[in-house]
1. In whole Å, what are the Cα extents of the range 272-346 along the three principal axes, biggest one first?
2. Along Cα→Cβ, 7 Å out, is where each label goes; now give me the distance between the ones at Y10 and N270 in nm to one decimal.
3. Which residue, F37, M289, G9, has the largest displacement toward the positive end of the dipole of the chain when charges sit on each Cβ (Lys, Arg +1; Asp, Glu -1)?
4. What FRET efficiency do you get for E90 and K316 if R0 is 35 Å and r is their Cβ-Cβ distance, rounded to the nearest 0.05?
5. Given the convex hull over the Cα atoms of the chain, what projected area results after averaging over all orientations, in nm²?
6. Given the options R284, R233, R130, state which has the largest fluctuation in a GNM of the chain using a 10 Å cut-off (strictly under) for Cα springs.
7. Filter K38/K89; K132/K345; K116/K287 down to the pairs with a C-alpha to C-alpha distance above 24 Å, please.
8. Would you compute, from DSSP H runs of 4+ residues alone, the mean residue ellipticity of the chain at 222 nm, taking -39500 (n - 2.57) per run and dividing by the full residue count, rounded to the nearest 500?
Amino acid sequence: MSGIEKIDGYKSPLIFGDDNILYLVDQRKLPQNIEYFKADTLEDVCFAIRSMVVRGAPLIGITAAFAVFLAIKDSDESGFEKDFYTALKELSATRPTAVNLFFALNKMENLYTELKKLNLPIEKLKKRIRAKAFSIWDKQRESDTKIGLNGSEFLGKKDKILTHCNTGELATGGIGTALGIIKTMHKKSLLDTVFVDETRPYLQGARLTAFELKNEGIDYRIVTDSSCGILMRKSLVDAVIVGADRIASNGDTANKIGTYPLAVLAKRHNIPFVVAAPESTIDRTIKSMDEIRVEERDALEVLKINSFDIAPSGSKALNYSFDLTDGNLITAIITERDVYEYPYKF
Ligand code: MRU
């Protein structure tokens, strides 16, 4: 049964235990309420991804991997394959831009293809699929830690960092990517303060990044998305660090709406503009941004804040959830494996 579960305090963005139920911290409600969304069917998880109960490119992928297991956990021999492929199909249709979703589903499919050759008893097959979801999560945690180290080494001391959206634990299940670098820099005393773009319309910055920075004891100021110009002009930004949802072979990057203007302004002001992401965010099958589908979300996300109308009734809105930044505006792309600089050769 799906629904809301009260768990005392914040534990982790995702909990999956012996009861084989997926608990997702309901990110729509943070930071005011810490509630866990209980998902034990494929449909529950598809709803959670579409409605942003859970979000952030890597965490969407990890969640989808657990959803594949939920979809087959009660299947018998005759229904297993159909249930497995239905899960892949339905999960693929939830959110189009972040490649990590497709990366995780491919990993699950490749595993199943291999396991089929072994003719394992069905319970063993299910166990291996369950274990794979955990291993995708573990690998992401390891990547985050390495990205944090690579990024902090590359940037060195930068007193004032500007970041956009939420790229922390709530987006990856580890320490985060861009936010992982920020946390690592803080631990090494390499930064003083973080400017957090509020990130309209879903407010991932004001609600989620601020929640994580506060928990970590890192000094921060929330700024409106349109503040970046004045901050840079006043020399208040030493580096910009953002995450990514999909990176093309030439370094063109899809990320939360508002990233591209930051990159243009950073170039104008000669400020390092760094993208942090796991290798799984690099989509080597595409050449450039021309092949990236940008998700358009419901106009109501723009027209309302927390179900409160902010525009005249009947207003229309256009809500692109992501934008596209040219690779040549990006100073470096930092992954767990390398620090890539323009011109990109991944
Ligand atoms: O719509 P969201 O909240 O899923 O978008 C999140 C972002 O754009 C993040 O910057 C990106 O997924 C990287 S998360 C490590």
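Every read-out reported here was derived from the displayed coordinates using simple, explicitly stated rules and does not represent laboratory data. These numbers come from a predicted model, not from an experiment. Cβ: placed from backbone, ideal geometry, glycine included. Neighbour counts: every protein chain shown.
1. 49, 24, 21
2. 3.8
3. M289
4. Details: r = 30 Å, r/R0 = 0.85.
Efficiency computed from Cβ-Cβ geometry: 0.75.
5. Details: hull surface 71.8 nm².
For the chain, the mean projected area of the Cα convex hull comes to 17.9 nm².
6. Residue with maximal mean-square fluctuation among R284, R233, R130: R233.
7. Numbers: K38/K89 22 Å; K132/K345 30 Å; K116/K287 33 Å.
Among K38/K89; K132/K345; K116/K287, the Cα-Cα distance tops 24 Å for K132/K345; K116/K287.
8. Details: 11 runs with 133 residues, N = 346.
Mean residue ellipticity, 222 nm, calculated: -12000 deg cm²/dmol.
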